[in-house]
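Enquirer: This is the structure, below, for whatever I ask next.
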Amino acid sequence: MAIRDIVVNPSLLPVLNLSAETREQCMQLLAVLDPSADSYSDSEERALAASKEQKQLFALLARLRGLNRDAILRVRDTKQATAEARQEIDRLHLQLQNLYYEQRHLTGEIAACESYDHKYLALPLIPLEEFLALHPEHRESDEHDLMIARINHEHAEREKLEQARQELLKRKQALIAENNKRKEDLASLDQDLERFIDVSLCPGEFRAMLLTPGRPPSPSRRSSKRSISGGIIVTSPSSKHVLVMIAKNEDLSSSQTVDTHPDYTMNVSTPSPRPPPPEKPEAIRTRFKVIAAFWAVIVFLGFPIWWKTTSIYRASLPIPEMIDWADGKTCRPVFPLEIRVETPHLPDAEAQHLLRTTQHTLDDLNEFSAHHLRLKLSNDNADEQLDELADTALTVRLLPQDDLINPKSELQHDTTRLDVFYSPSQIPPLSSSNPPLSAYIAGELQQLFTEEKAIIAQILSNSHAASATANSQPPSAMLSSVSPQLAESIAKRLRRSMKYADTYHLAFSLFTPGTEPSSWDIQAAVHDYITPLLQAFSPISNFTVDTQVQLYATFAPTAPAPEYDEGHAAWTLKPEDLSAFINAAEWPLSPSIGPGPTINFILYVPDAAQSPLVVKDSLATSWVVPQWGGVVLLNPSNGTQLRHLSRDSLQAPFLTFSHQLLTLLGAPSTPAALPFRLQTLTRIRAASLLLSASSTMGSLARLTESLPSIPIPATVAASVATTLSHLTSACEHLRRGRFQAALADARIAETEAERSFFEKSMVGQMYFPDEHKVAVYLPLLGPIGVPLIVGLLKEVKKAIALRKARKAN
Amino acid sequence: MTVFSLLSLLFLAAFPSLASANSDYHESLVLQPLPQSALLASFNFQSNDSQTSFDERHFRYFPRALGQILRHANTKELHLRFTTGRWDAESWGPRPWKGTKEGGTGVELWAWIDAVDDEAAFAKWITLAQSLSGLFCASLNFIDSTRTTRPVVSFEPMGTHAASDNLHLLHGTLPGEVVCTENLTPFLKLLPCKGKAGVASLLDGHKLFDASWQSMSVDVRPICTQAGDCVVQIDQSVDIVLDIDRSKRPRDNPIPRPVPNEQLVCDTSKPYHSDDTCYPLESTSDKSWGLSEIFGRSISGSCPLTEGSTDGTVCLRVPHEREVHATDGAVEVKRPDGYTRCFTLESSTSFDLAIPEQEATTQVPLDEPVLRAERTIVGHGQERGGMRIIFDNPSDTNAVDFIYFETLPWFLRPYVHTLQATITGRDGLRRQVPASQFIKETFYRPAIDRERGTQLELALSVPAASTVTLTYDFEKAILRYTEYPPDANRGFNVAPAVIKLSSADGGASHPIYIRTTSLLLPLPTPDFSMPYNVIILTSTVIALAFGSIFNLLVRRFVTAEEASAMRAQTLKSRLGGKLVALRDRVKGKTAKTE
């Protein structure tokens, strides 16, 4: 059997046997159970046999299991034994390997030691024979000892040599130092020599020095070979002395002690590095001269040129005089009005008496000293023939008229004449001191001039309000006596009136929102209503007249529209909206070309749909725009549109325009006589021009004082002089009562004053501000200025130090 | 022929009733479609004031603002032009008003001034220019002596002047001036009806200055009749060429849009024509347009001041068979020339014209211009250049005689000796010929630097069917630093040349004017920061030189070792000395206490 061949282990043999036996038993059982064999007759028997067989089989199997268990245990034991044996073998093997390594390493070390190349083999030793000759005691020693001895010998020898070298080096250093010292001594010798020469140039001193024992260096001691000697021969041309000076380095100390300079001796005592020798006096002087020259160029050439080229011309103005004018100290305008009294029907004496009493009454009535009336008989001007005649403000003609209970007066409308009618019985007797006729005349005159007085007082008080001069009677005192209504209306009129000008341009414009009327009889209207007025004004101002027709002149979109007022059946404009009535943006109301202001007069014809158009509440159809002009609304009378405005329909508007013109020119409202009002206007204008020119002078004076950088050209000075002279003469004319001449002078003064104040070159600005110029020129000024200033400062410091030193000495 | 009739119509409008008119006002508008969908609209406003009322300063129709200026400047006759754009003579034909009412690009002003001598005249001229500058919001105050010339034969007074007047003609141009709305507003304010009624109500700055070409003119002249009645006439006109398509676009949406597909008319004969490719056909019919479509508004009635004038106010030049719809109430009159119809307006109702699209059968023929002129700057470089002027005479039979007038700024220095002429016939051959063959007379006034410009007037004759080219060289001057304008690199404007043709048909009264385009002359421009650089660099160099010289003179020279010793002595020794002193003091004190 194959398995028997394989399993030979005796311990396993019983297992094999048993398993064979068990198999056999199994076969038997199978045979029993096999129905086909039929060895058993009945099934019970068979079952018995089978169970018997089965029991045997179980017994066998149990044995077999036991055997199997034994077998497994045995295998386990065997395995353990095997592992232990193997461990042992591994340990031994490792030990062996280590030993092998050790052996190889040692072999390598030995080889390295054997092949090592030592330094002593390369040492340049003295040859063996020489050594042996020097030390014969080593002749017997072995090679190793010999070598050691040789090396020791070499070492000792070398140390000896090194020591010698160090000593030599030290010596060399000392020599170099010595050398340097000598060199410096030589240099300072040069210095000494130069000083010596300097001194020698001054013969007296030189001689003194020669006489001083020990001062000249001794020419002896030339023993040292290494000493450097220098010699110089100084020839003094004046003294013919010849000095041979030889300095030696070794002898420096003697020559240095001779030097009197304290610093120098001190410096010499310090070791190197040596400071530079002190500066020569001429070098210091030269430097001082250089710096002084530079500064001289800057101060005497640079600054004057800069000053000249950048200075502005300022003509000298009579500033105090101008300010006096502005303050009203120079001139106190007075208005002595001359009133001529014609008494054709009175004897001279009575006339004189009447005059005197009237004058007394007038003086009593007048509270305003600047404005007073002087009565004069028309036939007694013989004493003034030589002098210039004063303007006659008013002529009073006394006319006797019977059957008059009270005297009566009448102002002529076309001349400045007041007719006074009286009954002959009222002529005052010479004895009466206060006759009623005088009182009446005085009262009439006073009343005539009330408004003028008030206006003049207002003007004067306005101009003097700020300056508050110590007049004996301030004009405001006069104002207090005027009724408040009158004062207010005067102030209003003054505000409204145009500034005085030589020429006024009058522009009459017809405006209509639609297309009609598109023409008007303007030539005739101007000729009838405006030209006479302008002729009357011609002594005061010149006038030009322009007219135009403008259609489609609508209100400004922002202006409030007129409202319809049922009560009055009219379209109304609110008084506060009147300022927006003129559409300045759209209506061509450009000022006229040429000098002088433009006064605009607008005739507005409203649209048929908005007619009649009036101002609310007052129902007025005209108003004055202060300092600008006047507006008149012309409502067509019958509600239909006019295509053409005839001369008749223009009458009312143009009369309004002429009134507005008078108001705008500043004429007083009373009395009715135009020549009288024009005379008043002359006085008012003269006064206001005088004051305005004076205040312009004051402003100019203040301006020139407050702005020192503005130029004042010569023309301004000339204008100021002209103004002042004309102001003076105007004031004089006023004082003498010549108002036309005063006005003429005041006009010139005002023109010149305005010209000087608004001189173009005075307001011219510099093209470059100073900062820009400095910024541009800083690259030049900085680098030049800094060394110059630093140099100057140094010099100044030195000078101060020197002075202190001298004082200390 | 037709053009002559147009011109005669315009002149009829210009001089309506010279004999009878004493103080009246007329206005007219002539509309004429031009090729390439352009429309020429010529507005004319004319008013007369009698000389006497003018002298007395009673202004009715004449504007007061202008009247004052004329009186102030002693100006007897005034011509002022504001022009932008270029008249395309190739397609638009001859100019309106025979070119008498247009100026060169920018502003042109010429006037006859009554003065005793040239200086006084020039002073008045400056006054006039400055006053007008304020009135018209234009930079006319820049007309100075360098831009002022006194033409000799190029201009003739249009009015009648007394022989006793000592008149001086002065002429100035501002080619760089940009004409815009601010000039139109004062222009309209001069009109009696202020642009609120009449044809002037069409004038709107947005449309007017959107035009391809526009010219505004103001002419003032005295006219006297044989009887001795004198009037001062102010003639204001506005001529514009509008692009119909462009003007019809709504203002709030002005971007052109492509034609919608359905409305495209395609050329079906093209081989590539299909559903998705289309070659659009030019529309052969005339475009439809209307006044309110093009100007954005309609005429708001006639100006009431024109009442009584019977001839039509608005005239339209289209063939008579063309359909035209006008507002009811307007009276239409067809002129016998077959192309003109005029409408008289009602004063109260607004007026509009509508012209529907219609297949064009006939066109209003345009005449060939008598002369074509072109002027260009040639050459290259910053130093030199050349001017080339080309005159083309299209006529096959007649030679053209004319006056050529140009003013050049002083910084353009022409060399007249280089004036050369070439002639090209219809055969296209160029031949160099001496210039004297064409130039019959020359008036040349050379420039003076910074004082006046060059004035050149040539009497020329160009033979029939030929093109004459004149060339000359010039040198560009270098300006001073401050003379450059802020936009120096843009170049400098050179005023257009003026060509005056005496009428071909012998009528010496009304010459034809042609103006070339203005030119732009590039001048060498410096680096404007240069002066500062120069100042700073020079200052630095001088400062360096000064510093070294000063130091050489002042400093003391020592060796380096000495310097170090000195420093040691100064600083260290001082410090050390102080330390020693301090220590001594401390020691001394302690010693004292002990």
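The values are calculated or read from the model by the stated rules, or taken from the named source; none is laboratory data. All values reported here derive from a predicted model rather than from experimental measurement. Positions of Cβ are backbone-derived with ideal geometry, glycine not excepted, and every protein chain shown enters the neighbour counts.
Enquirer: Select from segment B:379-398 the residues that are of a type in the set (Gly, Ala, Ser), surrounded by 14 or more Cβ atoms within 10 Å (Cβ to Cβ) and farther than 15 Å from B:PRO94 by Cβ and list them in ascending order.
Expert: Passing the criteria: B:GLY379, B:GLY385, B:GLY386.
Enquirer: Right, here's the next one. Determine whether A:LEU404 is in contact with a strand residue (DSSP E or B) (Cβ under 7 Å, 6 or more places away or on another chain), in the same structural domain as A:LEU724 (by TED's automatic domain parsing) and at pLDDT 75 or above.
Expert: The answer is no for A:LEU404.
Enquirer: Before we move on, is B:THR105 modelled with pLDDT of 90 or more, surrounded by fewer than 22 Cβ atoms within 10 Å (Cβ to Cβ), more than 14 Å from every other protein chain (Cβ to nearest Cβ) and under 20 Å from the mean Cα position of the chain (by Cα)?
Expert: no
Enquirer: Does any residue of segment A:306-323 turn out to be under 30 Å from A:LYS794 (Cα atoms) and either within 14 Å of chain B (Cβ to nearest Cβ) or without any contact (Cβ under 8 Å) to a residue 40 or more places away in the chain (or both)? It would help to see each step written out before you state the result.
Expert: Filtering segment A:306-323 down to residues under 30 Å from A:LYS794 (Cα atoms) leaves A:306-307.
Filter once more, keeping what is either within 14 Å of chain B (Cβ to nearest Cβ) or without any contact (Cβ under 8 Å) to a residue 40 or more places away in the chain (or both): A:306-307.
Yes, segment A:306-323 contains at least one residue that is under 30 Å from A:LYS794 (Cα atoms) and either within 14 Å of chain B (Cβ to nearest Cβ) or without any contact (Cβ under 8 Å) to a residue 40 or more places away in the chain (or both).
Enquirer: Give me the residue from segment B:58-77 that is over 27 Å from A:PHE511 (Cα atoms) and touching a residue at least 60 places away in the same chain (Cβ under 8 Å) and, out of that set, nearest to the other protein chains (Cβ to nearest Cβ).
Expert: Only one residue tops the list, namely B:THR75.
Enquirer: Need the failing condition index for B:GLY301 against (1) assigned to a strand (DSSP E or B); (2) within 14 Å of chain A (Cβ to nearest Cβ), just the number.
Expert: Condition not satisfied by B:GLY301: (1).
Enquirer: Same structure, new question: Considering only segment B:185-201, how many residues are more than 10 Å from chain A (Cβ to nearest Cβ), in contact with a Leu (Cβ under 9 Å, 6 or more places away or on another chain) and assigned to a helix (DSSP H, G or I)?
Expert: So the count comes out to 4.
Enquirer: Would you pick out the residues in segment A:539-557 that are within 14 Å of another protein chain (Cβ to nearest Cβ), farther than 16 Å from A:THR512 by Cα and touching a Lys or Arg at 6+ places or on another chain (Cβ under 9 Å)?
Expert: Of everything in segment A:539-557, those that are within 14 Å of another protein chain (Cβ to nearest Cβ), farther than 16 Å from A:THR512 by Cα and touching a Lys or Arg at 6+ places or on another chain (Cβ under 9 Å) turn out to be A:THR544, A:VAL545, A:ASP546.
Enquirer: Determine whether A:PRO560 is in a loop (DSSP other than H, G, I, E, B), away from chain B (no Cβ under 14 Å) and within 30 Å of A:ALA686 (Cβ to Cβ). Full working, then the answer.
Expert: Working: in a loop (DSSP other than H, G, I, E, B): yes; away from chain B (no Cβ under 14 Å): yes; within 30 Å of A:ALA686 (Cβ to Cβ): no.
No: the conditions fail for A:PRO560.
Enquirer: Let me ask something else about it. Take segment B:513-568 and flag every residue that is in a loop (DSSP other than H, G, I, E, B) and more than 14 Å from chain A (Cβ to nearest Cβ).
Expert: B:THR516, B:THR517, B:SER518, B:PRO522, B:LEU523, B:PRO524, B:THR525, B:PRO526, B:ASP527, B:PHE528
Enquirer: Just one of (1) over 30 Å from A:LEU418 (Cα atoms); (2) buried (at least 24 other Cβ atoms within 10 Å of the Cβ) trips up A:ALA714, so point out which.
Expert: (2)
Enquirer: Another question about this same structure. Tell me the strands (runs of 3 or more DSSP E) entirely within segment B:311-388 that contain at least 1 residues that are closer than 30 Å to B:SER461 by Cβ and in contact (Cβ under 8 Å) with a residue 12 or more places away in the chain. I'd like the intermediate steps shown before the answer.
Expert: Working: elements: B:314-317, B:331-334, B:340-344, B:353-355, B:372-378.
So the answer is B:372-378.
Enquirer: Same structure again: Conditions first: (1) at the interface with chain B (Cβ under 9 Å from one of its Cβ atoms); (2) modelled with pLDDT under 85. A:ILE291 passes all but one, so which condition is the exception?
Expert: (2)
Enquirer: Among A:TYR120, A:TYR116, which is modelled with pLDDT under 90, over 30 Å from A:ASN9 (Cβ atoms) and not in a helix (DSSP H, G or I)?
Expert: Testing whether each residue is modelled with pLDDT under 90, over 30 Å from A:ASN9 (Cβ atoms) and not in a helix (DSSP H, G or I) leaves just A:TYR116.
Enquirer: Here is a follow-up. Counting only residues that are out of contact with any Phe, Trp or Tyr (no Cβ under 9 Å at 6 or more places or on another chain), give me the strands (runs of 3 or more DSSP E) lying completely in segment A:584-634 with at least 1 of them.
Expert: A:622-625
Enquirer: For segment A:612-641, enumerate the residues that are modelled with pLDDT under 85 and crowded, with 19+ Cβ neighbours inside 10 Å.
Expert: A:LYS616
Enquirer: Still on this model: Could you tell me whether A:ALA487 is modelled with pLDDT under 80, away from chain B (no Cβ under 14 Å) and surrounded by fewer than 17 Cβ atoms within 10 Å (Cβ to Cβ)?
Expert: No.
Here's the yes/no breakdown for (1) crowded, with 16+ Cβ neighbours inside 10 Å; (2) of a type in the set (Lys, Arg); (3) at negative phi; (4) out of contact with any Asp or Glu (no Cβ under 9 Å at 6 or more places or on another chain):
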position: B:ASP239; (1), (2), (3), (4): yes, no, yes, no
position: B:ASP252; (1), (2), (3), (4): no, no, yes, yes
position: B:ASP267; (1), (2), (3), (4): no, no, yes, yes
position: B:HIS273; (1), (2), (3), (4): no, no, yes, no
position: B:SER283; (1), (2), (3), (4): no, no, yes, no
position: B:ILE299; (1), (2), (3), (4): yes, no, yes, no
position: B:LEU305; (1), (2), (3), (4): yes, no, yes, no
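Enquirer: Which condition does B:THR185 not pass, out of (1) more than 21 Å from B:THR313 (Cβ to Cβ); (2) modelled with pLDDT under 90; (3) surrounded by fewer than 19 Cβ atoms within 10 Å (Cβ to Cβ), if it passes all the others?
Expert: B:THR185 satisfies all of (1) more than 21 Å from B:THR313 (Cβ to Cβ); (2) modelled with pLDDT under 90; (3) surrounded by fewer than 19 Cβ atoms within 10 Å (Cβ to Cβ) except (2).
Enquirer: Next question. Looking only at segment B:316-331, decide whether some residue is under 22 Å from B:TYR25 (Cβ atoms) and surrounded by fewer than 17 Cβ atoms within 10 Å (Cβ to Cβ).
Expert: yes
Enquirer: When you check A:ARG150 against the structure, is it more than 60 Å from the chain's Cα centre (by Cα), assigned to a helix (DSSP H, G or I) and outside the structural domain of A:GLU21 (by TED's automatic domain parsing), yes or no?
Expert: In short, yes.
Enquirer: Also, I was wondering about something else. Based on this model, can you work out whether A:ARG702 counts as over 30 Å from A:TRP571 (Cα atoms), modelled with pLDDT under 85, in a helix (DSSP H, G or I) and out of contact with any His (no Cβ under 9 Å at 6 or more places or on another chain)? Give the derivation first.
Expert: Values: over 30 Å from A:TRP571 (Cα atoms): yes; modelled with pLDDT under 85: no; in a helix (DSSP H, G or I): yes; out of contact with any His (no Cβ under 9 Å at 6 or more places or on another chain): yes.
No.
Residue by residue, here is whether (1) modelled with pLDDT under 75; (2) surrounded by fewer than 22 Cβ atoms within 10 Å (Cβ to Cβ); (3) in a loop (DSSP other than H, G, I, E, B) holds:
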| position | (1), (2), (3) |
| --- | --- |
| A:PRO428 | yes, yes, yes |
| A:SER431 | yes, yes, yes |
| A:LEU437 | no, yes, no |
| A:ALA442 | no, no, no |
| A:GLU451 | no, yes, no |
| A:ALA457 | no, no, no |
| A:ASN462 | yes, yes, no |
| A:ALA466 | yes, yes, yes |
| A:ASN471 | yes, yes, yes |
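Enquirer: Give all pairs with beta carbons closer than 6 Å in which a residue from segment A:574-594 that is over 13 Å from A:PRO560 (Cβ atoms) meets a residue that is surrounded by fewer than 16 Cβ atoms within 10 Å (Cβ to Cβ); count only pairs at least 6 apart in sequence or on separate chains.
Expert: A:ILE593/B:HIS72
Enquirer: Looking only at helices (runs of 4 or more DSSP H) that lie completely in segment A:713-809, which have at least 3 residues being more than 14 Å from chain B (Cβ to nearest Cβ), under 30 Å from A:ALA536 (Cβ atoms) and among the acidic types (Asp, Glu)?
Expert: Because the criterion is at least 3 residues that are more than 14 Å from chain B (Cβ to nearest Cβ), under 30 Å from A:ALA536 (Cβ atoms) and among the acidic types (Asp, Glu), the helices (runs of 4 or more DSSP H) in segment A:713-809 that meet it are A:739-757.
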